[in-house]
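Every number in this text was worked out from the coordinates using simple rules, so none of it is lab data. Keep in mind that this is a model prediction, so the values were computed, not measured. In this analysis, Cβ positions are derived from the backbone assuming ideal geometry, glycine residues included, and neighbour counts consider all displayed protein chains.
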């Protein structure tokens, strides 16, 4: 049996591409780090069948469409905040971009399990009294699964910068 390892929030990463529309490999990934909650809601789409041979109905899962509601503490200069604020300010209805989830979970060869998906970012609310802007990230289509390596550095202003490199399964 493998040694148990407790999940640690800081070893799981949620990134948004803050330059939507660029080609694969040219994304600008920014870590969603100034949030106090990251709960993926799976939004299972099910179909119910009432088969003649059964006394009760049977549900089958057709697909998932994960989403998360992110309460982000506003820090001017944070790339995620700047991206989300621009959507809010311009009331931009085209919030299509990409999200990358990098998990603490490892493959057999020690790499972080990861996925990249198209997504829609929508603004839920902006509370100026608390400095919290809440937005949702809703997956579109089928995610690409694979692994990712995340490096941490510090920029010239002394802020942490996280840089992910994603490798799709089969590449």
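Residue 131 passes all but one of (1) within 17 Å of residue 32 (Cβ to Cβ); (2) surrounded by 15 or more Cβ atoms within 10 Å (Cβ to Cβ); which number fails?
(2)
Of the residues 121, 161, which single one is closer than 20 Å to residue 95 by Cα and surrounded by 13 or more Cβ atoms within 10 Å (Cβ to Cβ)?
From the options 121, 161, the qualifying one is 121.
Please enumerate the residues belonging to the range 9-43 that are assigned to a helix (DSSP H, G or I) and without any contact (Cβ under 8 Å) to a residue 60 or more places away in the chain.
Across the range 9-43, the qualifying residues are 9, 10.
Looking at (1) surrounded by 18 or more Cβ atoms within 10 Å (Cβ to Cβ); (2) free of Cβ contacts under 8 Å to residues at least 40 places away in the same chain; (3) closer than 16 Å to residue 28 by Cα, which one does residue 83 not meet, given that it meets all the others?
Of the numbered conditions (1) surrounded by 18 or more Cβ atoms within 10 Å (Cβ to Cβ); (2) free of Cβ contacts under 8 Å to residues at least 40 places away in the same chain; (3) closer than 16 Å to residue 28 by Cα, the odd one out for residue 83 is (2).
Would you mind telling me which numbered condition in (1) in a loop (DSSP other than H, G, I, E, B); (2) out of contact with any helix residue (DSSP H, G or I) (no Cβ under 8 Å at 6 or more places or on another chain); (3) free of Cβ contacts under 8 Å to residues at least 12 places away in the same chain residue 125 fails?
Status for residue 125: all satisfied but (1).
Quick check: anything in the range 128-148 under 12 Å from residue 13 (Cβ atoms), part of a strand (DSSP E or B) and touching a strand residue (DSSP E or B) at 6+ places or on another chain (Cβ under 7 Å)?
yes
Among the residues of the range 44-102, what is the count of those that are closer than 25 Å to residue 114 by Cα, more than 20 Å from the chain's Cα centre (by Cα) and assigned to a helix (DSSP H, G or I)?
So the answer is 0.
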